[in-house]
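Some notes on the structure that comes next.
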There are 4 protein chains.
Amino acid sequence: MRKPTKPADKSAQNARPASVARGEVPASNRATRAQERRAAIVDAAMEEFIARGFAATRLDDIAKRAGVAKGTIYLHFKDKESMFEELVRIVIVPVVARLTALPPPTGSVRDLIEAFAGNFLKEVIGTRRGDLVRLIVAEGPRFPAVADFYYREVVSRGIAAMRALIELGIARGEIREKDLARYPQILVAPAMIAVIWQSLFARHAPLDAQEMLRVHLDLIFGERRTT
Amino acid sequence: MRKPTKPADKSAQNARPASVARGEVPASNRATRAQERRAAIVDAAMEEFIARGFAATRLDDIAKRAGVAKGTIYLHFKDKESMFEELVRIVIVPVVARLTALPPPTGSVRDLIEAFAGNFLKEVIGTRRGDLVRLIVAEGPRFPAVADFYYREVVSRGIAAMRALIELGIARGEIREKDLARYPQILVAPAMIAVIWQSLFARHAPLDAQEMLRVHLDLIFGERRTT
Amino acid sequence: MRKPTKPADKSAQNARPASVARGEVPASNRATRAQERRAAIVDAAMEEFIARGFAATRLDDIAKRAGVAKGTIYLHFKDKESMFEELVRIVIVPVVARLTALPPPTGSVRDLIEAFAGNFLKEVIGTRRGDLVRLIVAEGPRFPAVADFYYREVVSRGIAAMRALIELGIARGEIREKDLARYPQILVAPAMIAVIWQSLFARHAPLDAQEMLRVHLDLIFGERRTT
Amino acid sequence: MRKPTKPADKSAQNARPASVARGEVPASNRATRAQERRAAIVDAAMEEFIARGFAATRLDDIAKRAGVAKGTIYLHFKDKESMFEELVRIVIVPVVARLTALPPPTGSVRDLIEAFAGNFLKEVIGTRRGDLVRLIVAEGPRFPAVADFYYREVVSRGIAAMRALIELGIARGEIREKDLARYPQILVAPAMIAVIWQSLFARHAPLDAQEMLRVHLDLIFGERRTT
DNA sequence: AATGAATGAGGTTTCATTCAT
DNA sequence: AATGAATGAAACCTCATTCAT
């Protein structure tokens, strides 16, 4: 009844890797290839969701971009919604993991926070990960699971970490404004604004996020640092 | 997609009827009813777009909520996209108008900014208008016309106004951090964060936006004010 | 975004009926036309479901046969399943209505039952309605709602009516086998078999259902009637 | 669709291995295991087809239930359609074989028929095999090959056998109604109805099939037997 | 001006079938 | 012989848009 399915010519992908010719154990067994495909789908979905938002993204496009057939997506994800939800987890978890493996707090609090801001600048602002943050802001209300996850894993931890640093800064006399510990959001607000700005207004008015964050820290630490 | 904004030709229909020009008391005549319908559609569309985002909103639902037939929407708007784009204009223009009709700057700069923050708290944070901001953040990348408009009418003006205030504050010695004038975004960042927080995380951790903004101003103006 | 929809040329259907030309009140207003379409869908769905069964029937084919667009079906029915369930109701209800409006029981019980059998022969066996019975047998287990409805509206009533007739026949001495009243199914079994036979085996071995039912009645009423 | 039945070429694979022909005790060798798998597939498919009908049955589910991989099914059957068609054969053939190996007709015709009915009650009504009959009624119109086969192997033989018994009964004076021999369907109709009833209406109104068949025989043989 | 029935392109999802391993 | 990941045609269903009334 149904027509048979002719797999597209993927001979390039199926070619044995050179390692095999060399007699090594081939790293590319079936399970590994499946993982690669899954990763390709995740990447492609990420791009598409960021570019179009959840509802306007077509699974067809994700499949095409990932180089797999539409049906293949359903071998890895239950449906579009849970793909989106898992996606956020998949992308965010390793980032959180890296950040929680923080370097030991040596030096001044300002140094610490600057290191943090530097990381954030390099790894988030103006990158795909920054776009993901905007995506979460955009879709959060319709995906409570995503908002929950993001709050639990990123926001609440981030706030707690910032609060600890602020309290340390206050204790050491680096920070004067004692109430800041009650609203660590103030500390990160300019960074978040930078993320959003780059997505929306960069071409209207480019923003030097690094310099802005420096000024913000000057404001908090009450003095200018010579860089 | 990505087409430039076409001003709706239908706006000609919005011209006041001759009876109004002649100073007569307009009864509930046809033109008035049309205006009422248009307003109902705008309100309904606003609610739906905020609740579901652009792509997931159904014209059917807008029509139902507005109490009109689906076809009626097309008497007022060319299509869904331009409805969305016009909508943002329609809702934002009066807000901007009110804000630009600012009271004469009397008193300290901090007083001015606090008055401003108070307004923002009451009129934006946690309200439908706050949700609209989040909607623009969400849909901006897919609606350059909307992002453009919002940048031009709201962001650039807001930034300019803030900068003027900051410079005044610096000149008067109220603000010490001179570089702040280069990044007025820092001044508004916590307010924006408050808007987003209320949409996404209010139920996880309620945020006292008013108090946070006060602390932020303390940070900038370098002293605690007795309220 | 979406392309506009060009209605297929249905000019023949849209032509005003002759009654309008004659100045009569046009019977074909919008609501009426909707009802006609609904009826066309019901007929078409009936044909397709009977020909292919529930799962193998395509809504596309129903739409094509009914001369409407696919979407139109969804103006009348929630989905394929409820269409099927409603369909059975829609087709069966008038049949039951007609049968319950029975002629007054005059004459012998055998006459009554023969009249009944004659009706059944003409109206059910070898007709679309007979096919519907087979369809219910086929899909019943997967559509409990259908089986329930059919049992409630047709089977239990039919059994009750037959039992009453049998008891009358026993009381009048027309029927000897007293236990028959406990199993009216025996009375209708050959008629049901005829229905199924016509669907499945008619081309292998045609069955003279009328004659078979006559023999069956002879068996029950214990004598041959001269026809 | 509607293509004639193609005998599966794969049946060649079913030939007993040479070892068996040589009289050796076949260990759990490859051919045997293949036969076991095939049997498992047949059983599983039977269950699924009965539970869901042909179109709604998924090969995935059959494979899962049979404990084999999906691809394995295709080592035994050409495709889903021919699997279904073969299935009916595979299940029905042994039943027919047993029935045609009837005990020599000793005793009264009524005794014979009662023995028959007893068997039918035990082996068919309310069992998986009864469900198979309903399945054939359900899918017959779409699987002419199945209907043909069923008519040829079961129905026509059954009718012939019943006719022979009826004629014997008439000759011996046990059956009065001579025309019954022309419609042996009447004899089996209640049994068929019982099969269908158990599938569809058992939970609405349980039917004592055994008693019903007894009453039916009383009707035919014109007297009550003390059991 | 207003209606809402009708349309059909286009989206998501399923699943029979294939084939490299 | 057996596997099961991958395929993609085809199904169901939605909904922006049109247009006769």
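The values are calculated or read from the model by the stated rules, or taken from the named source; none is laboratory data. A quick note: this is a predicted structure, and the numbers were derived from the prediction, not measured. Because the Cβ atoms are built from the backbone with ideal geometry, glycine has one as well, and the counts that use them run over all protein chains shown. The accessibility values were calculated without ligands, DNA or RNA, using every heavy atom of the protein model including side chains. Shrake-Rupley method; radii C 1.70, N 1.55, O 1.52, S 1.80 Å.
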| So C:Ile175 fits all but one of (1) more than 7 Å from chain D (Cβ to nearest Cβ); (2) open to solvent by less than 40 Å² (accessible area, probe 1.4 Å); (3) out of contact with any Gly (no Cβ under 7 Å at 6 or more places or on another chain); what number is the exception? | (3)
| query | From A:Gly71, A:Gly67, A:Gly118, A:Gly53, which residue is over 26 Å from A:Phe221 (Cα atoms), touching a Leu at 6+ places or on another chain (Cβ under 9 Å) and not hydrophobic (A, V, I, L, M, F, W, C)? | reply | A:Gly53
| Residue check, D:Ala63 against (1) part of a helix (DSSP H, G or I); (2) open to solvent by 60 Å² or more (accessible area, probe 1.4 Å), all met but one. Which one? | (2)
| request: Please work out which residue is most open to solvent (accessible area, probe 1.4 Å), limiting yourself to region D:136-172 and to residues that are small (Gly, Ala, Ser) and over 23 Å from C:Asp131 (Cβ atoms). | output: D:Ala171
| What do you reckon, is C:Asp61 of a type outside the set (A, V, I, L, M, F, W, C), away from DNA strand F (no atom under 16 Å from the Cβ) and either closer than 30 Å to C:Gly173 by Cα or outside the structural domain of C:Ala164 (by TED's automatic domain parsing) (or both)? | no
| Top-ranked residue of region C:32-58 - restricted to ones that are more than 10 Å from DNA strand F (Cβ to nearest atom) and small (Gly, Ala, Ser), ranked as modelled with the lowest pLDDT | C:Ala34
| query | What are the residue pairs meeting all of these: first residue in region D:23-51, first residue within 16 Å of DNA strand E (Cβ to nearest atom), second residue at pLDDT 85 or above and not in a helix (DSSP H, G or I), Cβ atoms under 7 Å, and 6 or more apart or on different chains? | reply | D:Arg37/D:Val68; D:Ile41/D:Val68; D:Glu48/D:Thr57; D:Phe49/D:Thr57
| message | Any residue at all in region C:104-114 that's among the charged types (D, E, K, R) and within 18 Å of D:Leu207 (Cα to Cα)? | response | no
| field | In region B:66-80, residue surrounded by the fewest Cβ atoms within 10 Å (Cβ to Cβ) [restricted to those that are within 9 Å of DNA strand E (Cβ to nearest atom) and without any contact (Cβ under 8 Å) to a residue 24 or more places away in the chain] | value | B:Gly71
| said: On the basis of being out of contact with any His (no Cβ under 9 Å at 6 or more places or on another chain) and in contact (Cβ under 8 Å) with a residue 40 or more places away in the chain, does A:Val146 make the cut? | reply: yes
| query | How many residues does region D:67-101 hold that are more than 24 Å from D:Ser199 (Cβ to Cβ) and touching a helix residue (DSSP H, G or I) at 6+ places or on another chain (Cβ under 8 Å)? | reply | 11
| message | Just to confirm my filter: which helices (runs of 4 or more DSSP H) fall fully inside region B:70-173 and include at least 1 residues that are in the same structural domain as B:Thr32 (by TED's automatic domain parsing)? | response | B:70-76, B:80-100
| said: Can you tell me which residue is surrounded by the fewest Cβ atoms within 10 Å (Cβ to Cβ) among those in region A:81-116 that are in contact (Cβ under 8 Å) with a residue 24 or more places away in the chain and more than 19 Å from the chain's Cα centre (by Cα)? | reply: A:Pro105
| said: Suppose we filter region A:64-97 for residues that are of a type in the set (Gly, Ala, Ser) and within 15 Å of DNA strand F (Cβ to nearest atom); how many remain? | reply: 4
| request: Output the residue which, of all residues in region C:189-220 that are under 21 Å from D:Glu139 (Cα atoms), open to solvent by less than 40 Å² (accessible area, probe 1.4 Å) and more than 9 Å from chain D (Cβ to nearest Cβ), is modelled with the lowest pLDDT. | output: C:Ala202
